[in-house]
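The values are calculated or read from the model by the stated rules, or taken from the named source; none is laboratory data. These numbers come from a predicted model, not from an experiment. All Cβ positions, even for glycine, are placed from backbone atoms using ideal geometry, and neighbour counts span all protein chains on display. Calculation scope for accessible area: heavy atoms of the full protein, side chains included, ligands and nucleic acids excluded. Shrake-Rupley method; radii C 1.70, N 1.55, O 1.52, S 1.80 Å.
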Amino acid sequence: MRLTHGEFGGEKMDTEKRAVVLACVTMQFECDRIIKVAKQIADDTDCELRVLSVLEPTHDYTEAAYQIEYLNLVSKKFGADMTVLFDKNPDCAAADFAEKCGAQRIVTGLHDGGEKSFLVGFNRLKPEIPLTMVAKDNMVYSMDVCKVCS
């Protein structure tokens, strides 16, 4: 698991690897469903699976420690690295990360409908990256990018 603050800790990201399916999770145990679906998509599309969580910077991560460890173990079970970033703007941090790692699709939880939600912000920044959302009942919804030809 990689823990970084802000600008990926000066770490160079390897962009010469296979395309990536990026599972974006929050610090909830039930986000394991997102990782499982992302793994299926990655396998079906011959992509690498990566897992990302963006946490709000704080002084005490005690409450999130068990969730972080659990999701990291689930990620490892499916052969994926999990990266945790600390940033006040999760949509911006995830969009930067997605670009740098070569994400071809992101998989996340279901959109909550709010204009300031993670998915709305991410989609504004990276409208070219298709989205897959996994509801709590494990229903999967995908939004693919459509290009209009003139």
Discussion item. I'd like to check something: does the stretch 83-90 contain any residue that is modelled with pLDDT of 95 or more and under 20 Å from D46 (Cβ atoms)?
Written reply: no
Worksheet item: For the subset of the stretch 112-128 comprising residues that are open to solvent by 30 Å² or more (accessible area, probe 1.4 Å) and outside any loop (DSSP other than H, G, I, E, B), which member is nearest to V25 (Cα to Cα)?
Response: F118
Worksheet entry | Pair list, Cβ < 8 Å and 6+ apart or interchain, from the stretch 68-95 residues that are on the phi > 0 side of the Ramachandran plot to residues that are not in a helix (DSSP H, G or I) | G79/L49
Response to the item:
Taking the stretch 129-139 and keeping residues on the phi < 0 side of the Ramachandran plot, open to solvent by 70 Å² or more (accessible area, probe 1.4 Å) and in contact with a helix residue (DSSP H, G or I) (Cβ under 8 Å, 6 or more places away or on another chain) leaves K136
Worksheet item: Does the stretch 65-81 contain at least one residue that is out of contact with any Phe, Trp or Tyr (no Cβ under 7 Å at 6 or more places or on another chain), aliphatic (A, V, I, L, M) and modelled with pLDDT under 95?
Response: yes
